[in-house]
Every structure is written in C-alpha cells, then in structure tokens.
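Encoded as structure tokens, the structure appears first; notes follow it.
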Amino acid sequence: MIRTALAVLFVVALAAFAWWLPQWLGAPESATDNASQATCHPLVETCQWQTPGGAAKLTLIPLSGDELQLDVTIPGVAAKPLIVLTGESMYMGEYPMALSATGLPGEYRVRFVPPFCTTGDEMVWRINVQVAGEPFELPFRALFSPSEAS
C-alpha cells in the first residue's frame, strides 16, 4: 500500500514538473526583459523614450559612402555619453565611439563607418549607450543594418 502511494505521488510530481519546467524556462524574468525585446531601427525611424530629465531620442542619418551620423539627445545626464557598437546578428567585438557635444544641452553626435563584416550590408548592429562608464538602459534594442541606409 505504501509502495503504491509513493509510486502515485512520484508520477504526479513528475507530471507537475514536466508541465512547470517549459513554462519556467520560457518565462521572462522581469519587465525589463520584456522591454529589451522591443526594437527600434534608428536608420528608418527616430527612437524616442522618456527619461527623468525629459524626452530622449536617437537617430542615424546616412551620409556619403558608408558613413553614418548618429545623433543622440539625453537630457539631464551630467557626463558625456559613449556609444558602443556590438554585433547583434554575429558577435564581432565592441566598438566604442566618443560622442561630441553639439552645443545644445544633452545633444551629442558622432560620424562613423560601421565595421566591415563578411555578411556585408546585412550585418545587424546594436547601439549601446554608456554614461560615466556604466550601461545606460534603453527601453528597446536600437538596431541597424547598413542595408537600411540604401
């Protein structure tokens, strides 16, 4: 009788674990994780979000050849931000880019040519922002591909 009860209990526990495990593995850990799944493509749209200092935005403008201009506005930030490019579709290291102040409060700019990749213009890059050496959390993933500039 005890052996039967233990066997039934074991089967019920195994079934519960089999049902619970896929849900646990697939569940996001926080609301921040959900936000990080949202994307913005600054070559085709202006990426905007709210900060404690006011409205912030990030845009990419195609220039001549492969050169791009990144404009970022982050009001209320005391230190000058730093942009770090990372490969989204393929890891290719980190490419820090120093921003220059435009003369308007909280507005910065950098001109750059994205690193070359064997995938050509199809490479997807992610724009990460750092302030005072620490990551500055965006409510979305800012992604671009040089092919979007065409």
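Computed quantities for the displayed model
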{"read-out": "Test: residue in the stretch 60-69 that is part of a loop (DSSP other than H, G, I, E, B), among the hydroxyl-bearing types (Ser, Thr, Tyr), within 24 Å of TRP125 (Cα to Cα) and modelled with pLDDT under 95", "value": "yes"}
{"read-out": "Flag if GLU45 is acidic (Asp, Glu) and free of Cβ contacts under 8 Å to residues at least 24 places away in the same chain", "value": "yes"}
{"read-out": "Tally, over the stretch 105-136, of residues that are among the hydroxyl-bearing types (Ser, Thr, Tyr), part of a strand (DSSP E or B) and over 19 Å from PRO42 (Cα atoms)", "value": "0"}
{"read-out": "Any hit, the stretch 83-100, residues being aromatic (Phe, Trp, Tyr), assigned by TED's automatic domain parsing to the domain that holds SER145 and not in a strand (DSSP E or B)", "value": "yes"}
{"read-out": "Residues being part of a loop (DSSP other than H, G, I, E, B) and of a type outside the set (D, E, K, R) - total across the stretch 70-82", "value": "6"}
{"read-out": "Residue list for the stretch 70-87, restricted to those being surrounded by 12 or more Cβ atoms within 10 Å (Cβ to Cβ) and in contact with a Pro (Cβ under 8 Å, 6 or more places away or on another chain)", "value": "LEU70, VAL72, ILE74, PRO75, LEU82, ILE83, VAL84, LEU85"}
{"read-out": "Test: residue in the stretch 23-36 that is within 15 Å of the chain's Cα centre (by Cα) and modelled with pLDDT of 85 or more", "value": "no"}
{"read-out": "Options GLU148, GLU94; residue that is of a type in the set (Asp, Glu) and either farther than 16 Å from ILE61 by Cα or touching an Asp or Glu at 6+ places or on another chain (Cβ under 8 Å) (or both)", "value": "GLU94"}
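The values are calculated or read from the model by the stated rules, or taken from the named source; none is laboratory data. Everything numeric here is computed off the predicted structure, so don't read it as measured data. Positions of Cβ are generated from backbone atoms using ideal geometry, with glycine treated the same way; all protein chains shown enter the neighbour counts.
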